[in-house]
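The values are calculated or read from the model by the stated rules, or taken from the named source; none is laboratory data. Bear in mind that the values here come from a model prediction, so they are computed numbers and not experimental data. As a convention, Cβ positions derive from the backbone with ideal geometry for all residues, glycine included, and neighbour counts pool all protein chains shown.
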Amino acid sequence: MTIFPLHLEALIGKPLMYLVYLLIGFGFGYVLEISGFSDSPVLAAQFYFKDLRVLKVMFTAIVVAMVLIFLSTALGILDYNLIWVNPTYLWSGIIGGLIMGVGFIVGGFCPGTSIVAASTLKIDGIIFVLGGLVGVTLFGESEKFFQEFYHGSYYGRLTLMDFLNLPTGIVVLLVVLMALFMFWGGEQLERIIGKKDLSKEPALRYAGAGALVVGALVVLLIGQPANSDRWDSMASQQERRLQERSVYVQPGELLQTMHDHKLNLIMIDVRPETDYNMFHIARSRHIPLEELPEYVGGFHLEPARTLFVLISNDETTSTQAWKYLVAESIPNVYILDGGINHWLTTFWDNEAGIEPQVADTADETLAFDFAAVLGASYVAADPDPHQWEGKIEYIPTIKMDLKRAPTSGGCG
Amino acid sequence: MTVDTQTQPRKSRFSLKKLFQREGKPYTNPYLGGILLGIVLFLSFLITGQGLGASGTLSRVAVFVEDLVAPDHVDRVPYLLEMAGGKTNPLDYWIVFVTIGTILGGFTSGLIHGRTKWETTRGPNISNRTRWMLAFVGGILFAYGARMARGCTSGQALSGGASLSAGSWVVMFAIFGGAYGLAYFLRKVWN
């Protein structure tokens, strides 16, 4: 198991967790201040090509953090699935970004820098923060007029690797090279427009550039852990859970869980489409095993009270799917004990149109015959919990874990 | 002799006024500042799984005030409900503590380097009053845009940029695009 990110709330409790955030914020504020980000003319100079301090600080920070992040994930220290990657909302991002740009050149700050400016008693910084409070209030009150736009063009947890369809190492290297090119171009602009003497710039910056390229090449060389590597790192611990059958939910418990409105239950049916069309549990989604990887990003964005239950005819395919999702660090994943066949044995209740087969010899085949392709329209697909209450015995296994991966970023 | 005894103790005595009126030291080299910022950002991701942020606190403080003034209203608007519905305290959230730290860190560094001063930073050709007005309008616009794009320069450009979110890179270029697009018309303000 990867150690980082830490599950702070479970490890040290909320007060100490907030202290950690406070210390991180302290570093953030301190570094922004020494970089000159509490000084609005210094920030604005970026947009007149005189002093590209903003570009240099920001892009250096981005590439340094990026190289360190992906070195850590490559070495198996940090789990990329458990860190917050801002989901993509294309058009609200573009329009919001353009409005922010206008606010930047008019107001001379961004929210982070205005907070630092205010903390060093800059009157314009304090006023910008007050304006910001008005701005967020206006947004809260006006969001109802463009909700569709605000929630539209949603692409989920889309990374540059997904978008460019390139391996992580290549993307990291390309971003480093792009940043270095921008630094070079920026310095040329400072020389020509800002009349700066570049010979006074420290030569050490070339060493820094070299270190970044080397870092990116190492990331490329090692590669990121595949699902199988991730599984191997946790196999001994997880295999035990399978053997103890503590991740198998019996039909009785699943029925009860289906009617527990405190939980966000996601039932995933991994069987072939023909079987799913024939009969499936009400409100279960059909996602065949080979399509599961596409859904991992979205599953990570589900709220903390989400419970996943995997369903196949017996248990082989659903257990395979379980291993895949658990290796991708999805929390609270369970398997329907005995699959659809066990479900039907439990809830069949002599329903017309469903016939138990005499012999169900092969694994992962349906042990029942159906008179019609009715999907979830059979009574057994959505049994009445009151009718069955107290009639089925089961050993409860579901224990909801606190979620480790963040479900919202610094903007919620 | 008399002059000496009068000036000596005054020199060594701590003066609050002097602390805030020193000559400010020059800023750190931008690449060095960037490396340090990158390390803070990386540590944040490594330890907590979260990047850095700022605008989130603005909305939580605003909702907190709104919840004091008109709690029923907050409970009716879905967007506000998420942060402060019922008994939920909108300030009981990690980003708020990052911002408290940001304020303390900025203040400390400003104090050490003689840059914590009651003053207005502005271009040479505008009055303080104009600068304040523009800062207010700019703050409104920036924060409005930050809510729409679900994050500002810290939460989207910096954090999402480093974690390689495709959408964050789009937001980042849109911010620079918007600023560069309007910069020419505001050149008198800053130069």
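For the structure I just gave you, tell me whether A:LYS50 is farther than 20 Å from A:PHE163 by Cα, touching a residue at least 12 places away in the same chain (Cβ under 8 Å) and surrounded by 22 or more Cβ atoms within 10 Å (Cβ to Cβ).
Judged against the criteria, A:LYS50 is not a match.
Just need a number here: residues in region A:343-369 that are in contact with a helix residue (DSSP H, G or I) (Cβ under 6 Å, 6 or more places away or on another chain) and among the polar types (S, T, N, Q).
1
Please determine whether any residue of region B:62-73 is touching a residue at least 24 places away in the same chain (Cβ under 8 Å), more than 8 Å from chain A (Cβ to nearest Cβ) and at positive phi.
no
Yes or no: region A:326-343 includes at least one residue that is in a strand (DSSP E or B), surrounded by fewer than 16 Cβ atoms within 10 Å (Cβ to Cβ) and not acidic (Asp, Glu).
Scanning region A:326-343, I find no residue that is in a strand (DSSP E or B), surrounded by fewer than 16 Cβ atoms within 10 Å (Cβ to Cβ) and not acidic (Asp, Glu), so the answer is no.
Being assigned to a helix (DSSP H, G or I), under 16 Å from A:SER119 (Cα atoms) and of a type in the set (Gly, Ala, Ser) is the filter here, so list the residues in region A:1-38 that pass it.
A:GLY25, A:GLY27, A:GLY29
Among (1) at the interface with another protein chain (Cβ under 9 Å from one of its Cβ atoms); (2) closer than 29 Å to B:ILE47 by Cα; (3) of a type in the set (Val, Ile, Thr), where does B:THR88 come up short?
(1)
With respect to A:ASN341, determine if the residue is touching a strand residue (DSSP E or B) at 6+ places or on another chain (Cβ under 6 Å) and at pLDDT 90 or above.
Criteria not met by A:ASN341.
Taking only region B:153-191 into account, find how many residues are outside any helix (DSSP H, G or I) and either among the polar types (S, T, N, Q) or more than 7 Å from chain A (Cβ to nearest Cβ) (or both).
Within region B:153-191, residues that are outside any helix (DSSP H, G or I) and either among the polar types (S, T, N, Q) or more than 7 Å from chain A (Cβ to nearest Cβ) (or both) number 3.
Looking at region A:128-143, can you tell me whether even one residue there is farther than 20 Å from A:ALA44 by Cβ and more than 7 Å from chain B (Cβ to nearest Cβ)?
The answer is yes, given that some residue of region A:128-143 is farther than 20 Å from A:ALA44 by Cβ and more than 7 Å from chain B (Cβ to nearest Cβ).
Could you identify the single residue in A:ILE340, A:ILE330 that is within 26 Å of the chain's Cα centre (by Cα) and in the same structural domain as A:ARG271 (by TED's automatic domain parsing)?
Matching residue, one of A:ILE340, A:ILE330: A:ILE330.
Take residues that are farther than 19 Å from A:VAL116 by Cβ and tell me which of the helices (runs of 4 or more DSSP H) falling wholly in region B:71-135 contain 3 or more.
Where helices (runs of 4 or more DSSP H) fall fully within region B:71-135 and carry at least 3 residues being farther than 19 Å from A:VAL116 by Cβ, they are B:71-76, B:78-84.
This table checks each residue for (1) in contact with a strand residue (DSSP E or B) (Cβ under 8 Å, 6 or more places away or on another chain); (2) within 7 Å of chain A (Cβ to nearest Cβ); (3) within 24 Å of A:PHE146 (Cα to Cα); (4) not acidic (Asp, Glu).
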{"position": "B:VAL96", "(1), (2), (3), (4)": "no, no, no, yes"}
{"position": "B:THR99", "(1), (2), (3), (4)": "no, yes, no, yes"}
{"position": "B:GLY139", "(1), (2), (3), (4)": "no, yes, yes, yes"}
{"position": "B:GLY151", "(1), (2), (3), (4)": "no, yes, yes, yes"}
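For the structure I just gave you, tell me whether A:GLY375 is at positive phi and either in contact with a strand residue (DSSP E or B) (Cβ under 9 Å, 6 or more places away or on another chain) or β-branched (Val, Ile, Thr) (or both).
yes
Conditions tested, residue by residue: (1) at pLDDT below 95; (2) surrounded by fewer than 24 Cβ atoms within 10 Å (Cβ to Cβ); (3) within 22 Å of B:GLY53 (Cβ to Cβ).
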site: B:LEU104; (1), (2), (3): no, yes, yes
site: B:ILE112; (1), (2), (3): yes, yes, no
site: B:THR130; (1), (2), (3): no, yes, no
site: B:MET133; (1), (2), (3): no, yes, no
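So which residues in region A:125-155 are surrounded by 13 or more Cβ atoms within 10 Å (Cβ to Cβ), in contact with a helix residue (DSSP H, G or I) (Cβ under 7 Å, 6 or more places away or on another chain) and part of a loop (DSSP other than H, G, I, E, B)?
Within region A:125-155, A:SER153 is the sole residue that qualifies.
So A:THR2 passes all but one of these: (1) at the interface with another protein chain (Cβ under 7 Å from one of its Cβ atoms); (2) in contact (Cβ under 8 Å) with a residue 60 or more places away in the chain. Which condition number does it fail?
(1)
Here are the criteria: (1) farther than 28 Å from A:PRO87 by Cα; (2) outside any helix (DSSP H, G or I). Tell me which single one A:LEU166 does not satisfy.
Single failed check for A:LEU166: (1).
Is it the case that some residue within region A:169-180 is crowded, with 17+ Cβ neighbours inside 10 Å, touching a residue at least 40 places away in the same chain (Cβ under 8 Å), at the interface with chain B (Cβ under 7 Å from one of its Cβ atoms) and part of a helix (DSSP H, G or I)?
Scanning region A:169-180 turns up no residue that is crowded, with 17+ Cβ neighbours inside 10 Å, touching a residue at least 40 places away in the same chain (Cβ under 8 Å), at the interface with chain B (Cβ under 7 Å from one of its Cβ atoms) and part of a helix (DSSP H, G or I).
What is the residue count in region A:116-141 for residues that are touching a residue at least 40 places away in the same chain (Cβ under 8 Å) and closer than 21 Å to B:PHE176 by Cβ?
2
Please verify whether A:ASP369 is touching a strand residue (DSSP E or B) at 6+ places or on another chain (Cβ under 9 Å) and outside the structural domain of A:TYR155 (by TED's automatic domain parsing), treating the condition exactly as stated.
Yes; evaluated as a whole, the condition is true for this residue.
I'm trying to understand the selection: among the residues of region A:20-77, which are at the interface with chain B (Cβ under 7 Å from one of its Cβ atoms) and of a type in the set (Asp, Glu)?
Scanning region A:20-77 gives A:GLU33, A:ASP39.
I'd like to know if region A:274-284 contains one or more residues that are part of a loop (DSSP other than H, G, I, E, B), of a type in the set (Ser, Thr, Tyr), crowded, with 19+ Cβ neighbours inside 10 Å and at pLDDT 95 or above.
The answer is no, given that none of the residues of region A:274-284 is part of a loop (DSSP other than H, G, I, E, B), of a type in the set (Ser, Thr, Tyr), crowded, with 19+ Cβ neighbours inside 10 Å and at pLDDT 95 or above.
Kindly indicate whether any position in region A:81-93 is in a helix (DSSP H, G or I), among the β-branched types (Val, Ile, Thr), under 22 Å from the mean Cα position of the chain (by Cα) and over 21 Å from B:GLY105 (Cβ atoms).
no
Buried (at least 20 other Cβ atoms within 10 Å of the Cβ) and closer than 19 Å to B:THR130 by Cβ, is that true of A:SER119?
No: the conditions fail for A:SER119.
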